[in-house]
Amino acid sequence: MNRQQLHHAIRAACAIAGIERVIVVGSQSILGSFDIGELPPLTHLSAEVDVMPDVDDLDLMVRLSDLIEGVA
């Protein structure tokens, strides 16, 4: 996964969940801070990214997480 793919996954998750922001967790979160050329190849081997809705309500977060699981 590269930064462009990460941004696409974020946009898709936000669109499906009807929210403006998600939190990127896990190893692919580093792609938001560094250009792929600055990182060792091992950091961008994964084809998946884990995101969670950035909402305050825990029940809503769980429902939206279920909705966006496996999207990108």
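The values are calculated or read from the model by the stated rules, or taken from the named source; none is laboratory data. As the structure is a prediction and not an experimental result, all values here were calculated from the model. Reconstructed Cβ throughout: ideal geometry from the backbone, glycine too, with neighbour counts over all protein chains shown. Surface areas here come from the heavy atoms of the whole protein model, side chains and all, with no ligands, DNA or RNA. Shrake-Rupley method; radii C 1.70, N 1.55, O 1.52, S 1.80 Å.
Structural remarks
- Rounded FRET efficiency, nearest 0.05, which uses the C-beta distance separating LEU45 from GLN4 and R0 of 25 Å: 0.95
- Helix 58-68 and the longest principal axis of the Cα set of the chain meet at an angle near 60°.
- Heavy atoms of GLU69: accessible area, 1.4 Å probe, square angstrom to 10: 140 Å²
- Sequence-separation-based contact order of the chain, relative, with Cα cut under 8 Å and 6+ spacing, percent: 42 percent
- Using the 1.4 Å probe convention, the accessible area of the chain works out to 68 Å² per residue with neighbouring protein chains retained.
- Accessible surface for SER46 stands near 40 Å², nearest 10, in the context of the full protein assembly shown (1.4 Å probe).
- Neighbours of GLY26 by Cβ distance under 11 Å: Lys/Arg scored +1, Asp/Glu scored -1, total -2.
- Against the main long axis of the alpha-carbon atoms of the chain, helix 3-17 sits at an angle near 10°.
- A convex hull fitted to the Cα coordinates of the chain yields 75 cubic angstrom per residue.
- As a fraction of the 1.4 Å probe accessible area of the chain, surface on carbon and sulfur atoms comes out at 53 percent.
- The largest accessible area among LEU45, LEU31 belongs to the first residue in LEU45, LEU31, and the rest follow in falling order (1.4 Å probe, all chains).
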